[in-house]
Amino acid sequence: MKQFKDKVAVITGGASGIGLALARRAAAEGMQVVLADIEDVALAAAADELRRTGAPVLTVKCDVSRAEDVENLAAQTLKACGGVHLICNNAGVGGVRVKTWEASAKDWQWVLGVNVWGVIHGVRVFTPIMLRQDEEGHIVNTASAAGFVSMAATAPYAVSKHSVVTLSEVLYHDLQSEQAKVGVSVLCPAWVGTNIWNAQRNRPAALLDHAETEAERTRREQVRALLEKGKVTAADVAAMTFEGIANNRFYIFPHPKIRNDIRTRMEDILELRNPTRTA
Ligand SMILES: NC(=O)c1ccc[n+]([C@@H]2O[C@H](COP(=O)([O-])OP(=O)(O)OC[C@H]3O[C@@H](n4cnc5c(N)ncnc54)[C@H](O)[C@@H]3O)[C@@H](O)[C@H]2O)c1
């Protein structure tokens, strides 16, 4: 997809972090922007900011883990904008950082619900619309460096992001078989300074099973510190993503060094070595 001006971009998780940076970039390219997010106040603030730059913006409150919310997002988009050319399935939550057997059923449901089902619904609902339009389009699924490596104490998040990587790869092959005009990219950042360290703010009460413990609060603060040290900003990630879309690049790695860890994991597998620990 080379032309962005006057096209329609739908961005889930668009009220904060990488999603907001993608929205700013889409607006700067002259696109109509549809922002979808679960967080009302942040969604309204993001839309106000973009509108002040002159961009046409539609906001849709949406919990991406719910099929009917994503279906409503598509319906609202088509009604207001008449089509969709770029869908960024970006909404995601950071996982609980506990040992694999310590994550609760509700931890798994929350993380897989948003990070995996959110992308499944986005692909399931928006791809047929884009194919029917028969125009150039692109799908960006936000995975993570965690979609290629297996760090200790990251099970729900790592499982969710590995799923997004393979879902995107299969989608790529299926669109190629159709000779579709719709491209796919999988966005795989490492540490980027966003609000993901505080993802629990959007965790539905029904999927909470205990109040945050002191140990969990400490781990959350550690993650925040790591994110703040990240040298690549959300704006950098958005710029690399748009460059990737324009060049129909599938894998987008804003942090090139992560490829060393991926290489080690791949070699472990091919050489039948036990897994090397990733920091
Ligand atoms: N920040 C990083 O270091 C990093 C690294 C790798 C991957 N990612 C991925 O980037 C994506 C964006 O995260 P971010 O870092 O910008 O975090 P963020 O918390 O700043 O933004 C995430 C957005 O998603 C929204 N959201 C959460 N649950 C939702 C739901 N059920 N339905 C709709 N919206 C929902 C939040 O309200 C928020 O606006 C995520 O998929 C995340 O896993 C982030």
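Taken together, the values in this text are just the output of simple stated rules run on the coordinates, not laboratory data. Note that this is a predicted model, so its numbers are computed, not measured. Positions of Cβ are backbone-derived with ideal geometry, glycine not excepted, and every protein chain shown enters the neighbour counts.
Looking at the structure I just gave you, is A27 without any contact (Cβ under 8 Å) to a residue 60 or more places away in the chain and closer than 19 Å to T233 by Cβ? Yes; evaluated as a whole, the condition is true for this residue. The residue list T53, T59 contains one member that is over 19 Å from the mean Cα position of the chain (by Cα) and of a type in the set (S, T, N, Q), which is T53.
On the stretch given as the stretch 160-184, residues that are over 15 Å from G147 (Cα atoms) and of a type outside the set (A, V, I, L, M) total 9.
Please enumerate the residues belonging to the stretch 136-156 that are within 21 Å of Q222 (Cβ to Cβ), within 11 Å of the ligand (Cβ to nearest atom) and among the aliphatic types (A, V, I, L, M). Answer for the stretch 136-156, where residues must be within 21 Å of Q222 (Cβ to Cβ), within 11 Å of the ligand (Cβ to nearest atom) and among the aliphatic types (A, V, I, L, M): A145, A146. A9 passes every criterion in (1) within 13 Å of the ligand (Cβ to nearest atom); (2) aliphatic (A, V, I, L, M); (3) outside any helix (DSSP H, G or I) apart from (1). Residue pairs whose Cβ atoms lie under 6 Å apart, separated by 6 or more positions or on different chains, with the first residue in the stretch 185-209 and under 27 Å from F148 (Cβ atoms) and the second among the acidic types (D, E) and within 7 Å of the ligand (Cβ to nearest atom), are N202/E39. Scanning the stretch 193-231 for residues that are part of a loop (DSSP other than H, G, I, E, B), in contact with a Phe, Trp or Tyr (Cβ under 7 Å, 6 or more places away or on another chain) and more than 21 Å from I38 (Cα to Cα) returns a single hit, G230. Cβ-Cβ distances below 7 Å connect the following pairs, each with a first residue in the stretch 263-276 that is in contact (Cβ under 8 Å) with a residue 60 or more places away in the chain and outside any helix (DSSP H, G or I), a second residue that is surrounded by 10 or more Cβ atoms within 10 Å (Cβ to Cβ) and hydroxyl-bearing (S, T, Y), and a separation of six or more residues or different chains: P275/S150. The test for being away from the ligand (no atom under 11 Å from the Cβ), aliphatic (A, V, I, L, M) and crowded, with 17+ Cβ neighbours inside 10 Å does not hold for V170. Within the stretch 175-183, at least one residue is touching a His at 6+ places or on another chain (Cβ under 9 Å) and not in a helix (DSSP H, G or I). Residues that are within 14 Å of F148 (Cβ to Cβ) and either without any contact (Cβ under 8 Å) to a residue 24 or more places away in the chain or of a type in the set (K, R) (or both) within the stretch 233-262 comprise P256, K257, R259, N260, listed in sequence order. Residues being part of a helix (DSSP H, G or I), touching a helix residue (DSSP H, G or I) at 6+ places or on another chain (Cβ under 7 Å) and near the ligand (Cβ under 10 Å from one of its atoms) are represented in the stretch 21-39 by at least one member.
Within the stretch 71-118, being over 21 Å from A206 (Cβ atoms), under 18 Å from the mean Cα position of the chain (by Cα) and β-branched (V, I, T) holds for V84, I87. Just one of the listed residues (G13, G54) is at positive phi, in contact with a helix residue (DSSP H, G or I) (Cβ under 9 Å, 6 or more places away or on another chain) and surrounded by fewer than 22 Cβ atoms within 10 Å (Cβ to Cβ), namely G54. Condition test on V149, is it in a loop (DSSP other than H, G, I, E, B), among the aliphatic types (A, V, I, L, M) and surrounded by 17 or more Cβ atoms within 10 Å (Cβ to Cβ)? In short, yes.
Taken over the stretch 203-254, the criterion of being away from the ligand (no atom under 11 Å from the Cβ) and aromatic (F, W, Y) is satisfied by F242, F250, Y251.
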